[in-house]
1. Have a look at Gly194, Gly154 and point out the one that is modelled with pLDDT of 95 or more, over 20 Å from Ser284 (Cβ atoms) and assigned to a loop (DSSP other than H, G, I, E, B).
2. Examine region 185-196 for a residue that is in contact with a helix residue (DSSP H, G or I) (Cβ under 6 Å, 6 or more places away or on another chain) and free of Cβ contacts under 8 Å to residues at least 40 places away in the same chain, and state whether such a residue exists.
3. Kindly establish whether Ala334 is touching a residue at least 24 places away in the same chain (Cβ under 8 Å), touching a helix residue (DSSP H, G or I) at 6+ places or on another chain (Cβ under 6 Å) and surrounded by 24 or more Cβ atoms within 10 Å (Cβ to Cβ).
4. What residue, among those in region 72-92 that are crowded, with 24+ Cβ neighbours inside 10 Å and assigned to a helix (DSSP H, G or I), is nearest to the ligand (Cβ to nearest atom)?
5. I'd like the full set of residues that are of a type outside the set (D, E, K, R), surrounded by 20 or more Cβ atoms within 10 Å (Cβ to Cβ) and in contact (Cβ under 8 Å) with a residue 40 or more places away in the chain, limited to region 337-354.
6. What's the total number of residues in region 93-116 that are part of a helix (DSSP H, G or I) and aliphatic (A, V, I, L, M)?
7. Residues to consider are Met1, Met21; find the one that is under 21 Å from Ser237 (Cβ atoms) and at pLDDT below 95.
8. So which residues in region 1-59 are over 25 Å from Ile280 (Cβ atoms), hydrophobic (A, V, I, L, M, F, W, C) and either part of a loop (DSSP other than H, G, I, E, B) or in contact with a helix residue (DSSP H, G or I) (Cβ under 8 Å, 6 or more places away or on another chain) (or both), if there are any at all?
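The values are calculated or read from the model by the stated rules, or taken from the named source; none is laboratory data. Keep in mind it's a predicted model, so treat the numbers as computed, not measured. Ideal geometry is used to build each Cβ from the backbone, glycine not excepted, and the neighbour counts take in all protein chains shown.
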Amino acid sequence: MYQVDEKGFYGQFGGAYIPEMLYPNVEELRQQYLKIIESESFKQEFDLLLKDYVGRPSPLYFASRLSHHYQTQIYLKREDLNHTGAHKINNTLGQIILAKRLGKKRIIAETGAGQHGVATATACALMGMPCIVYMGAVDIDRQKPNVERMRLLGAEVVPATSGSQTLKDATNEAMRHWINNPEDTHYIIGSVVGPHPFPDMVARFQSVISLEMKQQLLEKTGSEDPNYIIACVGGGSNAMGAFYHYLDRPQVNLIVAEAAGLGLKSGESAATTHLGKPGILHGSKTILMQTNDGQVVEPYSISAGLDYPGIGPVHAHLFETARADFNYITDKEAMIAGRLCSQLEGIIPAVESAHALAVLDQRKFESSDVVVINLSGRGDKDMRTYMNYNFDD
Ligand SMILES: *Cc1c(COP(=O)(O)O)cnc(C)c1O
């Protein structure tokens, strides 16, 4: 009921709303992706890299001091321990193996904060494939360390100088490049967004998170099913990975944390389901923040990874059907939760992941409840943000 249908839709959301010129590229993917990723030889290559290169399975850690603090049973799914520090590598490795098997010779990607760019550049270095990452000129300025990482890894970082010179302009440039190089280039999208089949493809690559969780929970609690799974949503790939194998188990409550920035009514927010309406974004029908005449509203969040005006179509469907419960977390709530996790557990979470942790302050759980937080990434990249934040304001 929550998986994509043959036409690429999740309920009313999804599809492939793309320019004619892009049709051959997307159609080739649509026809090939399932055949390739379900083949034994693909699975073998992917699983081996997840194990030896990424370091999977990522641990499921019982956080005893956080559990004591919140008087419930809290487990952290440690995606922060993956190579490159977050869940994004699961997807870029899956897509690059797919690209190789489609005979592609070159990879392009777009990136906002640089996290997806680094994960893509990493996969390209591993596979010896040329990598071009489009990035808004303004973002290149703001995200120096990630730009330097990508270049050290051998990627070419191309500034997008049109419009607001941020993510949306980088996306346009990458699309243009793909249209002009349909035969030899694969475009690696970084979340469960974009035209079908990207959302489904990315969801499948990230689904290893919940696959491992089932086994780990069975060992630790005697049941595969937790009472709650909590994850943050930018585009929604880490959440989809954590939810995937539980979508059809209604006894498992799924909780989403959206970034509310300075507050829902502040005009500086990225809480898509609370502020948005249905529309078309990046090639699919979904929920997005827009003005009355349909212009995309510039989002804001303290965490670069959640600073996105839409959500993946599958999440729009989970919202509409109320399968998942969508919460909004302000910058301040996230920062406080991130600091608490650091000081109680010795784990500094990415500010994105801190939004998921902050749900623990908003909701009351029973002392016997098993609550899994998907810790999507580590906080090393966010040290400046933590240090400069005024917690007393
Ligand atoms: C990119 C990123 C996110 C947001 O992306 P999703 O596709 O919503 O998962 C969340 N956490 C971290 C650490 C990230 O790097």
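1. So the residue among Gly194, Gly154 that is modelled with pLDDT of 95 or more, over 20 Å from Ser284 (Cβ atoms) and assigned to a loop (DSSP other than H, G, I, E, B) is Gly154.
2. No, region 185-196 contains no residue that is in contact with a helix residue (DSSP H, G or I) (Cβ under 6 Å, 6 or more places away or on another chain) and free of Cβ contacts under 8 Å to residues at least 40 places away in the same chain.
3. yes
4. Lys88
5. Listed by number, the residues that qualify are Gly338, Leu340, Cys341, Ile347, Pro349, Ala350, Val351, Ser353, Ala354.
6. 5
7. On the way: Met21 fails: under 21 Å from Ser237 (Cβ atoms).
Just one listed residue meets the conditions, Met1.
8. Matches in region 1-59: Ile36, Ile37, Phe42, Phe46, Leu49, Leu50, Val54.
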